[in-house]
1. Please state the relative contact order of region 8-205 as a whole percent: Cα pairs under 8 Å, 6+ residues apart?
2. Please state the shape class of region 1-119: rounded when a/c is under 1.5, otherwise prolate if a/b exceeds b/c and oblate if not, all from the C-alpha gyration tensor.
3. Let me have the 222 nm mean residue ellipticity of the chain computed from DSSP H runs of 4+ only, each contributing -39500 (n - 2.57), with the sum over all residues rounded to the nearest 500.
4. Order 141-150, 35-44, 74-83, 8-17 from most to least packed using the mean count of other Cβ atoms within 10 Å.
5. If each of residue 207 and residue 195 carries a label point 7 Å out from its Cα toward its Cβ, how far apart are those two points in nm?
6. Expressed as a whole number of Å, what is the distance separating the alpha-carbon centroids of region 52-86 and region 150-209?
7. Let me make sure I get this right: for region 12-80, a, b and c are the square roots of the gyration tensor eigenvalues over alpha carbons, sorted descending. Under 1.5 in a/c it's rounded, otherwise prolate if a/b > b/c, else oblate. Which is it?
8. What shape does the chain have by the C-alpha gyration tensor, where a ≥ b ≥ c are the square roots of the eigenvalues, rounded means a/c under 1.5, and otherwise prolate means a/b greater than b/c and oblate the rest?
Ligand code: T5A
């Protein structure tokens, strides 16, 4: 893959309600103010094919086998990398902000669905799936904060949001595992207020550009 040196891939991760959408808005403005073109994408989704897979998973009324889940997310990811991310990053001064990436698969399918982290890592060891971001922000919150923010929002729960506390605790362990094992991850205490989180992220981004 040809990657332009002025272009960057930024990833946001965290459990439901961690504030990814909120902080992505700020990061979008940050890079625009620095003269970059910003491309915001989400996983699963971001392409016509990926959005179909997103609905197939998140609107499913029956339990999907964990291995099927892992492969569906990886399929949507391969497509978004091939169709969108690689072509964008080959151009000058482009920023791709991805709302979730393969660390979600490690946390959700590897830990919470108990497939094991290694199975997910192995699934991502060749092109296009082996692309690593320049930086990944893990917005870390606890179970109680996630529940409180989800209930304050009051929208209908999707496939994963209906899960129990054991599932959410495993997710947090999964993200902690990622933070220990992948050097591109910066863990931010996202239970703190929005301004604090924004400042932590900005200070990391200033070092990146
Ligand atoms: N999935 C995904 C997998 O299982 N495997 C995979 O490989 C991938 C890629 C995607 C689902 O798919 C799963 C994971 C997910 O379950 P989604 O609809 O994209 O689902 O859902 P999320 O990414 O979880 O998005 P959410 O909207 O639930 O969470 P956000 O974006 O993190 O949170 P946000 O910014 O909307 O904030 C939530 C609320 O909290 C407030 C906000 O104002 C908002 O009301 N808030 C704060 N309040 C106080 N202090 C702060 N610091 C705050 N920050 C935000």
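Since every read-out is calculated from the coordinates, none of them should be taken as a lab result. What you see is a predicted model, and the numbers here were worked out from it, not measured in a lab. Don't worry about glycine lacking a Cβ; one is built from the backbone with ideal geometry, like all the others, and counts go over all protein chains shown.
1. Worked out over region 8-205, it gives 33 percent.
2. Prolate is the answer for region 1-119, as a/c is 1.5 or above and a/b outweighs b/c.
3. -14000 deg cm²/dmol
4. Peptide ranking by packing, descending: 8-17, 74-83, 35-44, 141-150.
5. With each label point 7 Å from Cα toward Cβ, the separation is 2.4 nm.
6. Taking the Cα centre of region 52-86 as reference, the centre of region 150-209 is 21 Å away.
7. Prolate.
8. Oblate shape, in that a/c is at least 1.5 and b/c is the bigger or equal ratio.
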